Amino acid sequence: MADTITLPLLPLKNSVLFPFALMPLAVGRPQSLAALEAASKGEEKLIATFTQRNPEVDDPQLADLSHFGTKAVIRRMARADGGAQALVQGLERIELVGLDLSAAYPTATVRSAPLPTDTGPEVEALQRELIELAAGIQDLIQGEPRIDFAELAGQLDDPGQMVYLLASMVGLEPAKAMALLEAPTRLEAMRLLHEELVREKQVAEVRQKINKQASSEMNKEQREYLLRQQLRAINEELGEKSPEQAEVVQLRQRFDEIKLPEDVRKEAERELKRLESTPAAAPDFQVTRGHLELLLELPWSEMTTDNLDLTAARVVLDEDHYGLTDIKERILEHLAVMKLNPEANAPILCFVGPPGVGKTSLGQSISRALGRKFERFSLGGLHDEAELRGHRRTYVGAMPGRVLQALRRAHVKNPLLMLDEIDKLGSDYRGDPASALLEILDPAQNSTFRDNYLDLPFDLSKVFFITTANTIDTIPRPLLDRMELIRLSGYSDEEKLEIAKRYLLTRRRKDAGLAPEQLVIPDATLLAIIRRYTRESGVRELERTLGRLARKVALRIAQGDASHVTLLPTDLKPFLGSERFFQESARKTLPAGVATGLAWTETGGDVLYVEAVLLPENDHGERFMLTGQLGRVMQESAKAARSYIVSHFAALGIEPSMGGVHVHVPAGAIPKDGPSAGVTMATALASLYSGLPVRNDTAMTGEITLTGMVLPVGGIKEKVLAARRAGLKCVILPRENARDIGELTEEVQQSMRFEYAERIEDVLAVAIPQLAERLAAVPAQ
Ligand SMILES: Nc1ncnc2c1ncn2[C@@H]1O[C@H](COP(=O)(O)OP(=O)(O)OP(=O)(O)O)[C@@H](O)[C@H]1O
Ligand SMILES: [Mg+2]
C-alpha cells in the first residue's frame, strides 16, 4: 500500500479547502477544536481537512466525508469564546483511507493524491481563458487590491494551482468545489471552473448595471462621502460604533500606550488613517489590520538584561548537562567576552553532532544561564526564501517570515534564537534561503533586516543565534564561515550511564510522578538498556525508553501491584519486550582478504568489513570489481589502494596473481563514501594476495595515497567508540590523528590499544603480523 499517514481530522461543513489556498475558519465543535489544538501542538502543525457531504451531520463518519480532501498547515490560531479562529493553508490533495473516532479527537488515515498533470492545447487555451475571465470580473467589481492575474499565473508553476486560487476567490458552492477537488484531470477541473466564472461574470455585469443607474447623478467620491455621512449619523443616533470602527479605535489606543521608534510610529499613523476610511469588507482592511498588529507586537526596543555572572552560568550548564567539559568551557569563554564588551554582537554558534547528543538542550541551557528568552525553529526542508524573509503584503495570505514570527513570540529583541538543521536547508526556484540566512546572520547587515511583510527595517543584531547541524558537509561555505563551530560527538556507554543516572532517569521518574525510592534502576540494568535496547550516538532513545519504563512502573504502583520496583536486567523483557539489538560483536575469524574498517555516519560510528576475493584467471569479467554502493571517492580510494599493493608485490613478498579481484563492502544497501576506508581496502588486498589473514581484534581507518602514505581522517571519536562497542581491542589510526585521542574519556583510552601509521606498511605490520616478519626484511622506502 502506498504510504499513509495519520493526521488530526477537521471536517468542514460548508466549504472546501484547496491545496495552496489559505482559508480562515471558525471552529466550534468540541471534537474539531480538540483536533485543531492537537495539530497546532505538533511540530509541523498539520491537519487533514475533508468536506462533509451533508453539513447537518455533527459527528461525521467515513461515509459522510468527501473522498478527497486537503492536507493543511495551521498558520495561525486564536481562541475565541467557546471556539477558535484559525487560518489554515492547503498543502496537498489527499485521499481518505480510514477514520479513528475513538480517541479524544478524530484522526484520519490519509494517502497523498497528487494532482493530475495532463497538458495539451485545450488545457493551455482554457488556462488563458480563465485568466481573462478573472481579470474581467475584477474590473467589474472594482475592489482593492487589484491582482494581476496574468502575472500571478506566470509565478505559479502548476496550472492546477491557478484553478484552486481562482476557485477560492470566487467562493464556489461546496458541491461544486468538491467536484473541482475530485476532478481526475486538469482539463475537467478547468472546464468546471470555466462554467462558474462565466456565470459569475454575468452576475457581476448585471450588478454593475444596477449600480450605474443608482449613481448616475453623482460621481463616486460624492456618493461615498454621502453614504459615510449617513452612516455616521445613524451610528451617532444609535449611540454605537460599528464593530470595525470600534476595532480601529482600539488599535489606536494600543498604539498610544506603547513606545515606538519614530519611523514605525509614522507608518502606523499612516495605516491607521487608511484603516479609518476603508470599508471593513474590503480585503485591504484585514491586510492593513494584520500589519498594524504586527507593528504593535514586535519587540522594537524591549530587551532582557543578560545575567553575565560566569560562576552562576557554570552552575546552570552543569545542572543541565553531564560532561561536555570542553564545550561548556568554550561557551563560558563566549559569555566572558560578552561580559567584557557588552557592545559587541553576540557570537553566532553552530553546534554540530549526531542526533540526541544535547545540541538543542544546550541551547536552552545557555538561554537559562544568560536569562534570555528562548525561541527556535527548524530550517530543515525549508526551500522558500519567503519563509525566512516574509511575503509582500500584496501576496494573498502574506505572512511575516519565521525570524520575525519568532521575535514576535519572544516579546524581546534579544532572545536566544536557535535555528535547527541548518545542514538540511534547501534551495530551488523559489529563491535561495541560504542567502537570506546569510543576511540574517551577518552582524554588518542584520541591524537593518528587512522582512518583506513588515517592510520596515528591524534590528536583529541583539539576537543570540545558535544553529545546529548533524554534519557540516552540506552547509554552504559562506554560512559556515560566519559561525563559530562547536562539535559535539557521541557518548560512550559509560558516559551514557552517567547521563542516565544523573539526568534522564531523574527527569523521567519525576514526569511519571514517582518518588526516587519507588523506581530504582541499578547500573547493570541501565547498561543493559543502553546496549541491548538502544543503538545511537546520543541519548534520545535511551531517554524515551526510560520514560516508558517509568510509566509502566507507575501503572503497577497505581494499581496496587507493588509499592516500589527495583529493575534487574532480567526484568527488562517483560517491560520492554525482547532485546532490540544484540551487541554488535566483531567477526570471530577473518579469512584472508577480509579487513575490519571503521565508518563515520551522521548518526555515529560503525564497524565495517572490506571483503576481497580473487577471481579465476579464466574469468573475463571486470578485472577490478567494486560493490556495496560505494560512492565515487570511496571507489577511487579503492583503486589507489589496489594500485599501490599491486605495484609493491615484490617489496611485500607477494606472488603476483593473474586473476581479477572483487571487493565488496557489506551492508550493500547502505550507501558509503569518503576516503577513510583506503587503508582498510589496502589491507584487505594485501591479505588476499599474500594469503595471510588480518588480525580479528584490530580495526583501522585512514586515507591512502598512491605512494602509500597514510593521511588523517575525521570522526575519530565516533569510530573508536564503535570499535570498542564491537569488542575490538586495537585501532590503527593515521599518525596525525593521534591528537584526537584526547577527546576520549580516560576509561576508553585505557581500554583500547592505539597504533599510529605514517605509511601503509606501518598498518600492514600491525594488522597482518605474519606479513610483518617479511616486511622487516625489506628496507624502508
Ligand atoms: N550530556 C548530557 N547530559 C544530560 N542530558 C543530556 C546530555 N546530552 C543529551 N541530553 C538529553 O538528551 C535529550 C536529547 O537531546 P537534544 O534534543 O538536545 O538533542 P539534539 O542534539 O538537539 O538532537 P537532534 O540533532 O536530533 O536535534 C535531551 O533531553 C537532553 O537533555
Ligand atoms: Mg535538536
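Every read-out reported here was derived from the displayed coordinates using simple, explicitly stated rules and does not represent laboratory data. Just so it is clear, the structure is predicted and the values come from calculations on it, not from any experiment. Every residue, glycine among them, receives a Cβ derived from its backbone with ideal geometry; neighbour counts consider all protein chains shown.
Some values worked out for this structure:
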read-out: Whole-Hz ³J(HN,Hα) from phi, Karplus 6.51 cos²θ - 1.76 cosθ + 1.60, for segment 518-534, glycine and proline x; value: 7, 9, 10, 10, x, 3, 4, 5, 4, 5, 5, 5, 4, 8, 10, 10, 9
read-out: Whole-number D in µm² s⁻¹ for segment 121-207, Kirkwood Cα-pair radius fed into Stokes-Einstein, 10 °C, 1.306 mPa s; value: 121 µm²/s
read-out: Inter-label distance for A562 and E262, nm, one decimal - labels placed 7 Å from Cα along Cα-to-Cβ; value: 7.2 nm
read-out: Cα-derived Rg to Rh of segment 310-487, Kirkwood definition; value: 0.97
read-out: Extended-chain gain in nm, criterion 0.36 nm per residue less alpha-carbon gap, V646 and K209; value: 148.1 nm
read-out: Inter-centroid distance (Cα atoms) of segment 657-708 relative to segment 93-107, Å; value: 52 Å
read-out: Longest site-free stretch - the chain; sites: trypsin sites (Lys or Arg not before Pro), DSSP loop, at most 13 other Cβ within 10 Å; value: 393-579
read-out: Extension gain, D493 back to A135 (0.36 nm per residue minus Cα-Cα distance, nm); value: 122.2 nm
read-out: FRET efficiency, 1/(1 + (r/R0)^6) with R0 51 Å, evaluated for Q61 and S447 via beta carbons; value: 0.35
read-out: Simple spin-label estimate for N618 and D511 in nanometres, 7 Å along Cα-Cβ; value: 6.6 nm
read-out: Relative contact order of the chain, pairs being alpha-carbon contacts under 8 Å that are 6 or more residues apart, as %; value: 7 percent
read-out: Mean separation of Cα contacts under 8 Å (6+ apart) over length of segment 594-777, as relative contact order %; value: 25 percent
read-out: 23 Å Cα-Cα reach of K552 towards lysines, excluding residues that sit fewer than 8 places from it in its own chain; value: K496, K501, K510, K573
read-out: Estimated inter-spin distance, Q250 and R544, nm [label 7 Å along Cα→Cβ]; value: 4.3 nm
read-out: Where chymotrypsin sites (Phe, Trp or Tyr not before Pro) in DSSP loops with at most 13 other Cβ within 10 Å are excluded, longest remaining stretch of the chain; value: 1-428
read-out: Helix 716-725 axis, angle to the chain major axis (alpha carbon atoms, nearest 10°); value: 70 degrees
read-out: Full-extension gain in nm, L308 to F754, via 0.36 nm per residue minus C-alpha separation; value: 156.3 nm
read-out: Helix-derived mean residue ellipticity, 222 nm - over the chain, DSSP H n ≥ 4, -39500 (n - 2.57), to 500; value: -13000 deg cm²/dmol
read-out: Length-normalised contact order for segment 243-297 - Cα pairs under 8 Å, 6+ apart - percent; value: 39 percent
read-out: Aspartates and glutamates whose Cα lies under 12 Å from that of K729, excluding same-chain neighbours fewer than 8 positions away; value: D697, E755
read-out: Reach of K13 by Cα under 20 Å, taken over lysines that are not fewer than 8 positions away in the same chain; value: K71, K176
read-out: Built amide H within the under 5 Å cut-off of L456, gap 5+; value: D451
read-out: log10 of Debye I(q)/I(0), alpha-carbon scatterers only, for segment 42-124 at 0.13, 0.15, 0.17 Å⁻¹; value: -0.53, -0.68, -0.84
read-out: Kirkwood estimate for segment 243-297, i.e. one over the average of 1/r between Cα atoms, Å; value: 11.2 Å
read-out: Bins of 20 Å, starting at 0 and running to the largest distance - Cα pair percent for the chain; value: 13, 34, 34, 16, 3, 0
read-out: Per-residue HN-Hα couplings for segment 9-24 [Karplus 6.51, -1.76, 1.60; θ = phi - 60°; Hz; x = Gly/Pro]; value: 9, 10, x, 9, 7, 10, 8, 10, 8, 8, x, 6, 8, 9, 8, x
read-out: 18 Å tail of the calculated P(r), segment 307-405, as % of Cα pairs; value: 57 percent
